[in-house]
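Reviewing the structure listed below.
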2 protein chains.
Amino acid sequence: MIWGAAAKPWKWPRSLPLTYKHLQFMEKNVKNQPIIIHEVGLRDGLQVEKTVVPLEEKLRWIQGLFQTGIDIIQLGSFVNPEKVPQMADTDRLFTQLIASKTKPATVTLSGLVLNEKGLDRGLACGVEMFCMGVSASDTHSQKNTGKTTFDALAQIIPMAQKARQADKKVQVSVQSAFGCGFEGAMAKERVLGIIKEYLAAGIKNISLADTAGHGQPEQVEELFSAIRELDPAVEMTCHFHNTYGLGLANCYAALQTGVTSFESAFGGLGGCPFTKVPAGNVSSEDLVHSLQRMNIRNDINLDKLLEVARMVGTYLNRELPGFILKSGSIVKFKQTIS
Amino acid sequence: MIWGAAAKPWKWPRSLPLTYKHLQFMEKNVKNQPIIIHEVGLRDGLQVEKTVVPLEEKLRWIQGLFQTGIDIIQLGSFVNPEKVPQMADTDRLFTQLIASKTKPATVTLSGLVLNEKGLDRGLACGVEMFCMGVSASDTHSQKNTGKTTFDALAQIIPMAQKARQADKKVQVSVQSAFGCGFEGAMAKERVLGIIKEYLAAGIKNISLADTAGHGQPEQVEELFSAIRELDPAVEMTCHFHNTYGLGLANCYAALQTGVTSFESAFGGLGGCPFTKVPAGNVSSEDLVHSLQRMNIRNDINLDKLLEVARMVGTYLNRELPGFILKSGSIVKFKQTIS
């Protein structure tokens, strides 16, 4: 069949040697690795909302999440309560939840910290896992923290070490790792340069956050593969926004590349207020639904997760962007893949 | 780091030998294969709409599509005009467009036919490429055509041969290939059984249509790889709906597996009226945007394509589901992948 001249050849594949490499890696290392879901709706979902959700309502959602089997729940961020009133009750959320003893032993409570003061607040109220990071984009970093990437990194690494010394789980991230709405593409070397600093400081739990939603699957495979080459013992986390429709495609690429931890938000809520085109996170229900269609994490209670997303939608009084909320789950239809 | 007991191991990867196989195939066969975009908005997009779009409006959209560099445009289907009034002007669309001599030489005009009568109408009005197929699901097949899969296949194969004898391009499909809203999962053997009949009849241009949107990327890779094993000379087309948010993830999986032709609809319009949960096709703009982010088909004019989608949205007077329509294109930001 002769197709038009407009059909330019597609040169497959630029990353073939890498693909071979990570298949080999998979055979050796990723077999039987657990896949982790990290719910960030209470933080990345709510920080962009005009509504300040009261603590009691958040607690209802969290109790709902406790019934889902989700592994990590991010309760909020430790930022200036006057600047981000949506997060003003984060300390109290931790204190009350820990005092209530309602948290299942399998659940880890995480909190995002941006500076030393936030870290001290988190240490004081019982955060179990600290998330912190820098943006690969100087422009985004300045808007988000008032610091360049380099200055932010110089602050974050001692903070991560302090949290580890307090026997806390620590995850460090590179935000805008796949591109920035202001600056455009991020040089791979720039992202890897930050990762090298993290690894040199002994921090192996590393997250790439696609804050602007610029990531595409080929790039996701390339970047995570490059990180694993730096240190095969790295634990990799991904965080995608669905700005350009590629959220789940990027999750699939990440899964193929050995990423084991996935950040997502109930209902597909969210978006960083300091990005150029804010858009929702990958929806937790859509992610879990996709995984369960592949027979991964069948233990998570998707119906309970959908209930939480519906509670959030009802409270915020609008339709959330998640697909499964609209279309309903089809995990009951088991695949016939041999 | 010790994660909760809820985190069940993910057994990677069930399809590893296949993955190796198709990488080897890629090296030999897919290099420099052109990637084809087949716009089906005028057919699969409009058939579910309550509005009957007048011929003059369709012609405006088609003239817009002619400026995009899209390879194949499906003008409509040859069905009973009383049952599907949205498609009643398909014959006239072909006749007028061919008479107007406005079609670029690089564009192929396709039409969908369901029976012999439709084929004869298509042959009479100048269809260049005939698309036809059967549903893997008996229930969906009965609802769509009044026939079982087996009876529909017995009708389609002679039709395909007749079209080929008339020197027409022919593409045969399996609808509901990845699952059916009524019946659930489709046995892989059932889908491959239909494909074998097509191949035995000498028809090598084969499309898998995910009519219900049940496909997931692992399954997409598995099924297309199995087809290629049946006949390495097969030309493979995919058609995904975004019902559960996996449309672009499935396209990426298809691309990795050697699929060269992609069906999509402007604005993400569409959905088969005889499915259980109708939902839009993968949006043409989102697909082209994703490909161009991977430096594939940079020759397509995405701005012109977005203009067409906006014309369609304006005419139908509602927001269409496509992502790039809302977020805007970022193809200007070139990737830095080595």
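The values are calculated or read from the model by the stated rules, or taken from the named source; none is laboratory data. Remember, predicted model here, so these are calculated numbers, not experimental data. Methodologically, a virtual Cβ is constructed for each residue, glycine included, from the backbone with ideal geometry; neighbour enumeration extends over all protein chains shown. We work out accessible area using only protein heavy atoms, side chains counted, and drop any ligands, DNA or RNA first. Shrake-Rupley method; radii C 1.70, N 1.55, O 1.52, S 1.80 Å.
Of the residues making up the stretch A:101-118, those losing 40 Å² or more of accessible area when the isolated chain is joined by the remaining protein chains, with a 1.4 Å probe, are A:Thr106.
I'd like the FRET efficiency for A:Ala166 and A:Tyr315, computed as 1/(1 + (r/R0)^6) with the beta carbon distance as r and R0 of 25 Å, rounded to 0.05. Step by step, r from the Cβ atoms, then E = 0.15. Using the empirical formula 2.2 N^0.38 Å as the baseline, the Cα radius of gyration of the protein assembly as shown reaches a ratio of 0.97.
For GluC sites (Glu not before Pro), the sites in the stretch B:233-322 that DSSP calls loop and that have at most 15 other Cβ atoms within 10 Å are B:Glu319. Of the chymotrypsin sites (Phe, Trp or Tyr not before Pro) found in the stretch B:242-338, none is in coil by DSSP with at most 13 other Cβ atoms within 10 Å of its Cβ. Spin-label model, A:Gln63 to B:Asp299: label points 7 Å out along the Cα-to-beta-carbon direction sit 6.2 nm apart. Rounded to the nearest 20 debye, the dipole size of the stretch B:16-327 about its Cα centre is 300 debye, using +1 on the Cβ of Lys and Arg and -1 on the Cβ of Asp and Glu.
Over chain A, calculate the relative contact order: mean separation of alpha carbon pairs under 8 Å at least 6 apart, over the residue count, as a percent. Worked out over chain A, it gives 18 percent.
Using the Cβ-Cβ distance between A:Ala200 and A:Thr106 with R0 set to 35 Å, the FRET efficiency from 1/(1 + (r/R0)^6) comes to roughly 0.60.
With charges set only on the Cβ (+1 for Lys and Arg, -1 for Asp and Glu), what does the dipole of the stretch A:75-219 come to about its Cα centre, in debye to the nearest 20?
The calculation lands at about 380 debye.
Scanning chain B for the Cβ atom closest to the axis that brings B onto A yields residue and whole-Å distance B:Ala249, 2. Within the stretch B:284-310, the residues that become at least 10 Å² less accessible when every protein chain is included than when their own chain is isolated (1.4 Å probe; DNA, RNA and ligands ignored) are B:His289, B:Ser290, B:Arg293, B:Met294, B:Asn295, B:Ile296, B:Arg297, B:Asp299. Label points for A:Asp299 are taken 7 Å from Cα along Cα→Cβ. From this copy to the others they lie 5.2 nm apart, shortest first. Rolling a 1.4 Å probe over the heavy atoms of the protein chains gives the protein assembly as shown an accessible area of 36 Å² per residue.
For the stretch B:233-240, the Karplus equation 6.51 cos²θ - 1.76 cosθ + 1.60, evaluated at θ = phi - 60°, returns couplings of 8, 5, 9, 10, 10, 10, 8, 10 Hz by residue, with Gly and Pro reported as x.
Each other copy holds its own label point for A:Thr314; taking that point as 7 Å from Cα along Cα to Cβ, the gaps run 4.2 nm, nearest first. Report the trypsin sites (Lys or Arg not before Pro) located in the stretch A:51-108 that are in a DSSP loop and have at most 14 other Cβ atoms inside 10 Å of their Cβ, or state none. Passing both the DSSP loop test and the Cβ count: A:Lys83, A:Lys101.
Each other copy places its own label point for B:Ala200 at 6.6 nm from this one, sorted shortest first, where the point lies 7 Å along the Cα-to-beta carbon line. What is the dipole size for the protein assembly as shown, taken about its Cα centre, with +1 at each Lys and Arg Cβ and -1 at each Asp and Glu Cβ, in debye to the nearest 20? With only Lys, Arg, Asp and Glu charged at Cβ, the dipole is about 340 debye. Connecting C-alpha atoms closer than 10 Å in a GNM of chain B, tell me which of B:Ile98, B:Ile72, B:Ile324 has the biggest fluctuation. Result for chain B, Cα springs under 10 Å: B:Ile98 fluctuates most. Express the carbon and sulfur contribution to the solvent-accessible surface of chain B as a percent, rounded to the nearest whole number, probe 1.4 angstrom. About 52 percent, which is the carbon plus sulfur part of the accessible surface.
Here the ratio of the Cα radius of gyration of the stretch A:32-327 to 2.2 N^0.38 Å is 0.91. Taking only the Cα atoms of the stretch B:261-311, the ratio Rg/Rh comes out at 1.05, with Rh defined as the Kirkwood radius. Per the Debye formula on identical point scatterers at the alpha carbon atoms of the stretch B:131-280, with no solvent, log10 I(q)/I(0) at q = 0.15, 0.18 Å⁻¹ is -0.71, -1.04. Surface burial for B against A, with a 1.4 Å probe and both sides summed, reaches about 7400 Å² of accessible area.
Indicate the gyration tensor shape class of the stretch A:243-338 (rounded, prolate or oblate), computed on the Cα atoms with a ≥ b ≥ c the square roots of the eigenvalues: a/c under 1.5 is rounded; otherwise a/b larger than b/c is prolate and the rest oblate. Don't skip to the end; give the middle numbers.
Numbers: a/c = 2.19, a/b = 1.25, b/c = 1.75.
Verdict is oblate for the stretch A:243-338.
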